[in-house]
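Structure first, commentary second.
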Amino acid sequence: MSARITFHGAARTVTGSRHLLELSGKRVLVDCGLFQGRRELRERNWMPFPVEPSGIDQIVLTHAHMDHIGYLPRLVAQGYSGPIFCTPATLDLARISLPDSGRIHEEDARQANRHGSRHQPALPLYTEKEAFICLKQFETVPFRELRALPGKAQWRHLPAGHILGSAFAEIYFENGERILMSGDLGRYGTPIIQDPTTIDHTEYLVVESTYGDRLHALEDPLQRLEELMADAMANGSTVIVPSFSIGRTQELLYYLRQLQDQGRAPRIPIFIDSPMATSTTGIYLKHVAEHDEDMRQAMLDGTALQPDLVHFIRDREESKALNVRKGPMIVIAGSGMANGGRVVHHLKHHLPRAQIIVLFTGYQAEGTLGREILEKPQSVWIHRDEVPVRARIEKLNSLSAHADQGEIMRWLREFKSPPRSTFIVHGEPRAQDALAAKIEADLGWNVVIPEQGESFDL
């Protein structure tokens, strides 16, 4: 038996997860995500896939975030015709997020052509129609159910605790050895979904490192949200929250409902300005088997993710009307890193106003508008216009869906024996280097940080 892994994405960067396993001459791709952030990374999405798409035998997905699934429609359009395996919740989320991504790519191309693109004409990376075509190749596999892979291998999904449907892919080779692909590692004690699965052994490990160089702030999210809502109420402020439609928005709804139930929240209208987040919230309520005990208790009265005065907005005109509505109010809109979606329009309108609060609740990748605003510049460029930044910029650090360094180490310490090799991916270089040093110093494991396109025999 021969096994080999090649890292075609998320190598020395935090997006574009694409890991190719070659098993006895067969090819299995684990995740197929978009590169996001600075231009040099985004341009990789337009490069030919490193192997012929028609030569890939099977795809296994870890979860539904775009940096893990967002390249799939293009891969299928270029000739991949095999199955795409995922958990049932991941399919439900992909049915929303992939067509939405296609629409965004089409709109970006139209916008570029209106403003004189250097490409003649600018084309979308893929279309909404291509996203729907791609979804026909998805097949669901429940957690812990062992399935065959090409190359006489087997694999199963184990809960990763990151977002709904997120999974580790535990892949067994013909000789009985295994590789565990972490996807994104979730956190302990977060609301709604269960904690990451404890793993005690694997010969090879691929682990993410988004927060490998830091610890999440020891802050109470309820207290911080309570303080910000009180400020907004006292000053008539609008709170703009760039939020990921999958996972983060549902957490915010959960916490806002808790504050109301505890009598700690003023009566402020809450607008969820994201059709995708609205649909996703229904999916989170549907998959009760993944809920933790607190969520199950909160579901008994049926309002766990529906605080009072919440309004779910789908219509574009209703979205535009929010920019002339007076506060106090909370507007939660995608995208989480402010690199697209309706929140960009809200930011363009509101950033020049000192009365506005902009609240970031998750990781802001290098090269995104969110990262730029978080660094509190005097101005930013949005839609080719220079926009002054006078709003109050805040960051809620405790809501990340990614494990921090301490939580990664807690998970790794459950292993009863060290992996033969631990590959660190999905992080910026500083985070990867810090996590590697920590693992080597505390656990004494053999750690490898792969470069883009680098291969290793297993």
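Worth pointing out:
- The chain - Rg over Rh from alpha carbon coordinates, Kirkwood radius: 0.96
- Counting Lys and Arg as +1 and Asp and Glu as -1 over every other residue whose Cβ lies under 15 Å from the Cβ of ASP292, the net charge comes to -3.
- Mean separation of Cα contacts under 8 Å, 6 or more apart, over the residue count of the chain: relative contact order %: 19 percent
- Per-peptide average of other Cβ atoms within 10 Å, ordering 142-148, 93-99 highest first: 93-99, 142-148
- The stretch 1-142 - share of DSSP beta bridges that are antiparallel (%, nearest 5): 55 percent
- Amide H contacts of LEU185 (H built 1.01 Å from N, in plane; Pro and chain starts excluded): GLU208, ALA403 sit under 5 Å, all sequence-distant by 5 or more or on other chains.
- Under 5 Å between amide hydrogens, built in the peptide plane, is the criterion, and for PHE360 it picks out GLU394, LYS395, LEU396 among residues at least 5 positions away or on other chains.
- As a ratio to 2.2 N^0.38 Å, the alpha-carbon radius of gyration for the stretch 221-399 is 1.00.
- Inter-site label distance for LEU218 and ARG410 at 7 Å from Cα along Cβ, in nm: 1.3 nm
- Estimated FRET transfer efficiency (GLN111, SER81; beta-carbon r; R0 35 Å; 0.05): 0.60
- Assigned charges on the beta-carbon of Lys, Arg, Asp, Glu; the stretch 221-399 dipole about Cα centre (debye): 580 debye
- Computed lengthening from GLU40 to ASN175, 0.36 nm per intervening residue step minus Cα-Cα distance: 44.6 nm
- Beta bridges per DSSP with both ends in the chain, % antiparallel, nearest 5: 45 percent
- Rounded to the nearest whole Hz, the Karplus-based 3J(HN,Hα) values (6.51 cos²θ - 1.76 cosθ + 1.60, θ = phi - 60°) of the stretch 239-246 follow the sequence 9, 9, 10, x, 9, 5, 5, 9, with x at glycine and proline.
- Amide H partners (placed H, <5 Å) of VAL60, local residues excluded: LEU29, VAL30, ASP31, PHE85
- Equivalent ellipsoid semi-axes - Cα gyration tensor, the stretch 201-326, angstrom: 28, 19, 18
- Here the 3J(HN,Hα) profile of the stretch 39-54, calculated from phi with Karplus coefficients 6.51, -1.76 and 1.60 at θ = phi - 60°, is 4, 4, 6, 4, 5, 5, 4, 8, 6, x, 4, x, 10, 4, x, 5 Hz, Gly and Pro shown as x.
- Relative to the globular-protein estimate of 2.2 N^0.38 Å, the Cα radius of gyration of the stretch 323-458 stands at 1.40.
- DSSP bridge analysis restricted to the stretch 221-399 gives an antiparallel fraction near 15%, rounded to the nearest 5.
- Fully extending the segment from ALA122 to SER24, taken as 0.36 nm per residue of separation minus the present Cα-Cα distance, adds 31.2 nm.
- Volume of the convex hull of the stretch 150-197 (Cα atoms only), normalised per residue: 64 Å³.
- Dipole axis of the chain (+1 Lys, Arg; -1 Asp, Glu on Cβ), positive-most option in GLY334, LEU93, GLY362: GLY334
- Label-to-label distance, LYS152 versus GLU52, with points set 7 angstrom from Cα along the beta-carbon direction: 2.5 nm.
- Charges were assigned to the Cβ only: +1 to each Lys and Arg, -1 to each Asp and Glu. The resulting dipole of the chain about its Cα centre is roughly 1160 debye.
- Orientation-averaged projection of the stretch 138-244 equals 9.8 nm² [convex hull of Cα atoms, one quarter of hull surface area].
- The phi torsions of the stretch 4-18, fed into the Karplus equation with coefficients 6.51, -1.76 and 1.60 and a -60° offset, translate into couplings of 8, 10, 10, 9, 9, x, 6, 10, 6, 7, 9, 10, x, 4, 8 Hz, rounded to whole numbers, with Gly and Pro shown as x.
Coordinate-derived values only; no laboratory data. Small disclaimer: the values here were computed from a predicted structure and weren't measured. Every residue, glycine as well, gets a Cβ built from its backbone with ideal geometry; the counts of neighbours run over all protein chains shown.
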